[in-house]
């Protein structure tokens, strides 16, 4: 957790750290120990031990036979309440399914969580390789097409805050990533979409477009195996359809 809230008397640091522990779990994680959670959260192991104990008592975490932790059903209550409040997700589901079926590619809808993107709706193509596509799965913001589209969609103040998170996370890699995000803003302003051709996963190509007026900021993504289409064909054939669908879903 960064020090951006230092001096804010209303900010409850203990609560924020507990939420950081819950957010540390990602799709594909079976269970995590205190050491792994401490590394992901950037917190002392002793602090994480107290937080996981408390979260277990409240029903948000459960332990396995090895004493490691996994999210418990109480977390689902929060997640489903959040998804239920995303009206755009309901409107997008059917046109996303049609686009996926017509192209044979995967179509996803995502929102930002910290420096990552959380999928809130997915239509998975049968040829999909490489990346898990499930509601609740997360991918990096800086190196994916959908992450870049979300970055473009953010208000200026929020974008600045995200840049601070990314700079802290990527360290010496950040300047090059910052250049790539700046280029993505220009690409989106010109063509209406952002792209990632093998930058996140070598065998995956993707294009994405922000959805104007969505709250929270959301983006639509289309992705598939790199062998299916060249970057030029992604830009010429797939991206216009993604941009049009994103436009139809926007305000």
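Taking each residue of region 120-135 that is within 20 Å of residue 78 (Cβ to Cβ) and looking for partners that are in a loop (DSSP other than H, G, I, E, B) and at pLDDT 65 or above with beta-carbon atoms closer than 7 Å, six or more apart or interchain, yields 120/86; 120/135; 121/135; 122/133; 122/134; 122/135; 134/27.
Can you find a residue in region 73-89 that is at pLDDT 80 or above and within 30 Å of residue 247 (Cβ to Cβ)? Yes, some residue in region 73-89 is at pLDDT 80 or above and within 30 Å of residue 247 (Cβ to Cβ). When region 194-211 is filtered for residues that are part of a loop (DSSP other than H, G, I, E, B) and without any contact (Cβ under 8 Å) to a residue 40 or more places away in the chain, the ones remaining, listed by number, are 198, 202.
Please find, within region 236-251, the residue that is surrounded by the most Cβ atoms within 10 Å (Cβ to Cβ) out of those that are touching a strand residue (DSSP E or B) at 6+ places or on another chain (Cβ under 7 Å) and assigned to a helix (DSSP H, G or I). Show your work before the answer.
Let us first name the residues in region 236-251 that are touching a strand residue (DSSP E or B) at 6+ places or on another chain (Cβ under 7 Å), namely 238-239, 242-243, 245-246, 249-250.
Those left that are additionally assigned to a helix (DSSP H, G or I): 238-239, 242-243, 245-246, 249.
Working: 238: 23, 239: 21, 242: 27, 243: 19, 245: 20, 246: 25, 249: 21.
The selected residue is 242.
Would a scan of region 16-27 turn up a residue that is over 21 Å from residue 114 (Cα atoms) and surrounded by 15 or more Cβ atoms within 10 Å (Cβ to Cβ)?
Taking region 16-27 and keeping what is over 21 Å from residue 114 (Cα atoms), we get none.
No, region 16-27 contains no residue that is over 21 Å from residue 114 (Cα atoms) and surrounded by 15 or more Cβ atoms within 10 Å (Cβ to Cβ).
Against the condition assigned by TED's automatic domain parsing to the domain that holds residue 162 and modelled with pLDDT under 90, how does residue 185 come out, does it pass? Against the criterion (assigned by TED's automatic domain parsing to the domain that holds residue 162 and modelled with pLDDT under 90), residue 185 does not qualify.
Considering region 212-230 alone, what residues qualify as being over 18 Å from residue 159 (Cα atoms) and either more than 13 Å from the chain's Cα centre (by Cα) or assigned to a loop (DSSP other than H, G, I, E, B) (or both)?
From region 212-230, those over 18 Å from residue 159 (Cα atoms) are 220-230; that's our starting set.
222, 223, 224, 225, 226, 227, 228, 229, 230, listed by residue number.
Looking only at region 59-73, residues that are exposed (fewer than 15 other Cβ atoms within 10 Å of the Cβ) and not in a strand (DSSP E or B) come to 6 in all. Filtering region 21-39 to residues that are part of a helix (DSSP H, G or I) and modelled with pLDDT of 90 or more leaves 21, 34, 35, 36, 37, 38, 39. Count of region 205-234 residues, restricted to those that are in contact with a strand residue (DSSP E or B) (Cβ under 6 Å, 6 or more places away or on another chain) and surrounded by fewer than 22 Cβ atoms within 10 Å (Cβ to Cβ), is 3. For region 152-170, the criterion of a residue being in contact with a helix residue (DSSP H, G or I) (Cβ under 8 Å, 6 or more places away or on another chain), within 22 Å of residue 241 (Cβ to Cβ) and at pLDDT 90 or above is satisfied by at least one position. Restricted to region 168-179, and to residues there that are surrounded by 14 or more Cβ atoms within 10 Å (Cβ to Cβ) and free of Cβ contacts under 8 Å to residues at least 40 places away in the same chain, the residue that is nearest to residue 114 (Cα to Cα) is 170.
The values are calculated or read from the model by the stated rules, or taken from the named source; none is laboratory data. The shown structure was predicted, so the numbers you read here are calculated from the model rather than taken from an experiment. Positions of Cβ are backbone-derived with ideal geometry, glycine not excepted, and every protein chain shown enters the neighbour counts.
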